[in-house]
Amino acid sequence: MVRDLKMLQGTWNIVSMEMDGQKMSGGSARIVVRGDRFTTTGMGATYEGTMAVHPKTAPRSFELHFEEGPEKGNTSFGIYELDGDRWTICLTTRGSERPKEFAAPPGTGIALETLERAMASGAKAAEDAPDALASPAGDAASELAGEWVPDSLVRDGEALPQSMLQYGKRIATANEVTVKFGPQVMLQASYAVDRSPTPMTMDYVLANGKPQYGIWALEGKRLTTCFGAPGQPRPAEFASTPGDGRTLTVWIPAGK
């Protein structure tokens, strides 16, 4: 086995992510490497396949060959740096032109991710994770089931450009939700709502077991949500300003 592949064995948590020039939360996403196989877990859709690493190139490079999941049959081309328990990867989410530097400029479909070894950060290994998400207290929301796309998204006071919105998708049942941008699963959670307060509230339990608190409104076919960062207080209004960690999103039904 190639030396770098040996060093990559185990579970890695995604601690930061940038895609098409926009910073995003890594949520509870993880990559598990066993032999030359990889699996992403913890945030909804599971991606599985084989990984080839090339430590003698400059910069070091790799490919992910997807065999299961939404990207089945596709290959991502990337570069990487490995520094002990810290792994930085820059890879394609579409196309076959490998990144030449560790950057994710707008419009390129390139993702830049920083990962930390799970045991080093005190996280549990993927095999110890629960098979199902815990359920928060509250009511189911059948009116929110279906597939939605973002009409606007503001995080920390910064609006996501239109060029990125086209890759977003919210897939929900009455009590579970997955948010994706391109092939990246950004969030998976079980959720429940309370319709009695104004504004109405929505609680997530993320795949890592952490709570996330938000508010929501449904006006016709437009769903507006505003969430604080995981573990932070619930927003009191539909607003996101620089440094507050809140995400304000307007969703519309897909295909509308």
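The values are calculated or read from the model by the stated rules, or taken from the named source; none is laboratory data. Not measured: the values here are computed from a predicted model. Every residue, glycine among them, receives a Cβ derived from its backbone with ideal geometry; neighbour counts consider all protein chains shown.
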- Task: All but one of (1) over 25 Å from GLN162 (Cα atoms); (2) surrounded by 16 or more Cβ atoms within 10 Å (Cβ to Cβ) hold for THR46, so report the exception by its number.
- Result: (2)
- Item | Single match in VAL53, VAL33 (criterion: in contact with a Phe, Trp or Tyr (Cβ under 9 Å, 6 or more places away or on another chain), in the same structural domain as GLU116 (by TED's automatic domain parsing), at pLDDT 95 or above and of a type in the set (Val, Ile, Thr)) | VAL53
- In segment 151-172, anything over 16 Å from PHE227 (Cα atoms), outside any strand (DSSP E or B) and touching a Leu at 6+ places or on another chain (Cβ under 7 Å) is listed as LEU165
- Is it fair to say GLY228 is of a type outside the set (Ser, Thr, Tyr) and touching a Lys or Arg at 6+ places or on another chain (Cβ under 6 Å)? yes
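Any residue that is out of contact with any strand residue (DSSP E or B) (no Cβ under 8 Å at 6 or more places or on another chain) and without any contact (Cβ under 8 Å) to a residue 12 or more places away in the chain - is there at least one of those in segment 62-74?
Looking only at segment 62-74, we keep the residues that are out of contact with any strand residue (DSSP E or B) (no Cβ under 8 Å at 6 or more places or on another chain), and these are none.
No, every residue in segment 62-74 fails to be out of contact with any strand residue (DSSP E or B) (no Cβ under 8 Å at 6 or more places or on another chain) and without any contact (Cβ under 8 Å) to a residue 12 or more places away in the chain.
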- Message: Can you tell me which condition THR201 does not meet? The list is (1) among the polar types (S, T, N, Q); (2) surrounded by fewer than 15 Cβ atoms within 10 Å (Cβ to Cβ); (3) in contact with a Gly (Cβ under 8 Å, 6 or more places away or on another chain), and all the others hold.
- Response: (2)
- Message: For the structure I just gave you, tell me whether LEU187 is within 15 Å of the chain's Cα centre (by Cα) and outside any loop (DSSP other than H, G, I, E, B).
- Response: yes
- Of all the strands (runs of 3 or more DSSP E) wholly in segment 192-256, which have at least 3 residues that are over 20 Å from the mean Cα position of the chain (by Cα) and under 24 Å from GLY146 (Cα atoms)? 211-219
- Message: Being modelled with pLDDT under 50, part of a loop (DSSP other than H, G, I, E, B) and surrounded by 13 or more Cβ atoms within 10 Å (Cβ to Cβ) is the filter here; which residues of segment 122-142 pass it?
- Response: ALA123, LYS124, ALA129
- Item | Test result for GLN232, free of Cβ contacts under 8 Å to residues at least 40 places away in the same chain, buried (at least 18 other Cβ atoms within 10 Å of the Cβ) and not β-branched (Val, Ile, Thr) | no
- Message: Let me spell it out: the conditions are (1) closer than 24 Å to ALA159 by Cβ; (2) without any contact (Cβ under 8 Å) to a residue 60 or more places away in the chain, and ASP244 meets all of them except one. Which number is the exception?
- Response: (2)
